[in-house]
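The values are calculated or read from the model by the stated rules, or taken from the named source; none is laboratory data. Note that this is a predicted model, so its numbers are computed, not measured. Counting neighbours? That spans all protein chains shown, and the Cβs are built from the backbone with ideal geometry, glycine included. These area figures cover heavy atoms from the full protein model, side chains too; ligands, DNA and RNA do not enter into them. Shrake-Rupley method; radii C 1.70, N 1.55, O 1.52, S 1.80 Å.
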Amino acid sequence: MSGKEVKYINDAFSSNWIAPLGPNVDEFEREIANYVGVKGAVAVSSGTAAIHLALSLLNVQKGDTVFCSSLTFVATANPILYQQAEPVFIDSEPESWNMSATALNRAFKDAERLNKLPKAVVIVNIYGQSAKMDELLAICNQYQVPIIEDAAESLGASYKGKASGTFGKFGVYSFNGNKIITTSGGGILVSNQTDALKRARFLAAQSKEPKPYYHHSELGYNYRLSNILAGIGRGQLEVLDERISERRRIFQVYQQELGRLIGVNFMPELENTFSNRWLTALTVDENLTGMSIKEVLAVLENENIEARRVWKPLHLQPLFKGCRYYSHNKEEHVAEQLFQTGICLPSGSNMSNDDQMRVIECLRSSLN
Ligand SMILES: *Cc1c(COP(=O)(O)O)cnc(C)c1O
């Protein structure tokens, strides 16, 4: 927390707006929409809920297919299963670690041949880095299939000057405790389609129809963000830009200190994009460093330093066994390779210099 949250929470308490919805929710939605440059936003209880709403708004149903990035957190694809639709996983490409346009192209060609286009494409921007949106948009537009941009990790990032999360028909940000800003738990759906957002509000409030009694003709959800949590979000939004500078600085220090080690490669920042560097991620080549990623993690763990592997691709998860998957090309399975070699280092915005140097020293002495 930054200390700026308390005034918004106090406002809610002093006006007794504790119930879900209220002035903080309205303002938080307006502030996020302004920040990323879209017409509107709907604050909800999690990023996962926002993805679920986006799929519902696009009428994704039982038996439909949805194309989805493979290298991501499971929350990206779970809502596809909530809708009883079938995810088809798309590999990453090496320059952004995000969805490969060549793999997406092949998936669409096959879908066209089978006469079954996907209802939506979910594109993820992992670790704060935007995917190659121009290439991906061109393909999706050609087939007229809408995009949901999972920007849960990339609030504040941009692609060619435009905010990450604003390229698709819908964009999603998360305010879970581990994200760049947090409401302890929460998320938001953004779009330029104000009618769709109105419907999202309806679905997220149990699909209660505007009648003088409780009347429901559609399935709904209890997905709205509370007025208290929205207050936390407003305070956090005030420090978002500072948080991004801090995360980028932390990345730079790691890169300066470790980037020259042979066999160590930092996650690239695609030209004309601005990453929020949510997490510092890098790959370690076992042949060149003499250490597997498992061993690197063990060495850190031994020093009581917590690090994590890069996401295990969803097409390798038992949960999604049997789902189709398109690799970057015949020889190259980029997401699998990143999983085999990738690690995320401690990257918190409040990390001290001493702590960071301790991580650096530990890696330097073992990767030599
Ligand atoms: C965190 C995250 C989500 C889910 O957000 P929650 O608010 O935790 O539900 C979805 N996708 C990605 C890529 C995430 O990192």
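So what are region 152-263's ellipsoid semi-axes, whole angstrom, largest first, if each one is the square root of 5 times an eigenvalue of the alpha-carbon gyration tensor?
Values: eigenvalues 277, 50, 28 Å².
Working from the Cα gyration tensor, I get semi-axes of 37, 16, 12 Å.
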As an exercise, identify the chymotrypsin sites (Phe, Trp or Tyr not before Pro) in region 164-229 lying in DSSP coil whose Cβ has no more than 12 other Cβ atoms within 10 Å. TYR213, TYR214
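Below 14 angstrom from the Cβ of ILE293, what's the summed charge of the other residues (Lys, Arg +1; Asp, Glu -1)? Could you put the intermediate results ahead of the total?
Details: positive: LYS294, ARG308, ARG309, LYS312; negative: ASP285, GLU286, GLU295, GLU301, GLU336.
Taking every other residue near ILE293 into account, the sum is -1.
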In whole angstrom, the spacing between the Cα centers of region 110-128 and region 1-45 equals 33 Å
Convex hull of Cα atoms in the chain, direction-averaged projection (nm²): 19.3 nm²
Percent of accessible area on the chain owned by carbon and sulfur, 1.4 Å probe? 48 percent
Among the trypsin sites (Lys or Arg not before Pro) in region 307-363, which ones are in a DSSP loop with at most 12 other Cβ atoms within 10 Å of the Cβ? Mind listing them? LYS321, LYS330
In nm, the gap between the two label points placed 7 Å beyond Cα toward Cβ at ASP241 and LEU288 is 3.7 nm
Around GLY220, what is the net charge, scoring Lys/Arg as +1 and Asp/Glu as -1 over all other residues with Cβ under 13 Å from its Cβ? +2
So, R0 is 30 Å and r is the distance between the beta-carbons of GLN317 and ASN222; what FRET efficiency does that work out to, to 0.05? 0.60
In what sequence, highest mean first, do 47-54, 345-352, 181-188, 159-166 appear when ranked by Cβ atoms within 10 angstrom? 47-54, 181-188, 159-166, 345-352
So, for region 5-237, what is the accessible surface per residue at a probe of 1.4 Å, expressed in square angstrom? 39 Å²
Distance between Cα centroids, region 337-356 to region 236-310: provide it in whole Å. 5 Å
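Which entries in LYS62/LYS211; LYS4/LYS160; LYS39/LYS312; LYS132/LYS312; LYS169/LYS208 show an alpha-carbon gap greater than 28 Å?
Working: LYS62/LYS211 30 Å; LYS4/LYS160 31 Å; LYS39/LYS312 35 Å; LYS132/LYS312 21 Å; LYS169/LYS208 25 Å.
Too far apart for the 28 Å limit: LYS62/LYS211; LYS4/LYS160; LYS39/LYS312.
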Which semi-axes, in whole Å and largest first, does the equivalent ellipsoid of region 310-360 have when worked out from the alpha carbon gyration tensor as the square roots of 5 times its eigenvalues? 33, 13, 7
Along region 95-111, what does the Karplus equation 6.51 cos²θ - 1.76 cosθ + 1.60 (θ = phi - 60°) give for ³J(HN,Hα), rounded to whole Hz, x for Gly and Pro? 7, 10, 6, 9, 3, 7, 5, 5, 5, 4, 4, 5, 4, 5, 4, 5, 5
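Per residue, what accessible area does region 241-367 have, given a 1.4 Å probe and all protein chains present, in Å²? Don't skip to the answer; put the middle values down first.
Working: 6870 Å² over 127 residues.
Spelled out: the 1.4 Å probe surface of region 241-367, per residue, equals 54 Å².
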Given R₀ = 30 Å, FRET efficiency for ASN34-ASN350 by Cβ-Cβ distance, to 0.05? 0.70
Find the relative contact order for region 205-323 and round it to a whole percent, using C-alpha pairs within less than 8 Å whose residues are 6+ positions apart. 14 percent
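Tally Lys/Arg at +1 and Asp/Glu at -1 over every other residue whose Cβ is under 12 Å from the Cβ of ALA151; what's the total?
Values: positive: LYS162, LYS179; negative: GLU149, ASP150, GLU153.
Net charge in that neighbourhood comes out at -1.
Relative contact order (percent) for region 5-237, with alpha-carbon contacts under 8 angstrom and 6 or more residues of separation?
Numbers: 525 pairs, mean separation 66.9, N = 233.
Relative contact order comes out at 29 percent.
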Between SER100 and residues 5 or more places away or on another chain, which pairs have amide H atoms under 5 Å apart, with H built 1.01 Å from N, and which residues are they? ASP91, SER92, GLU93
Could you pull out the trypsin sites (Lys or Arg not before Pro) across region 230-266 that fall in loop regions by DSSP (anything but H, G, I, E, B) with no more than 11 other Cβ atoms inside 10 Å? ARG260
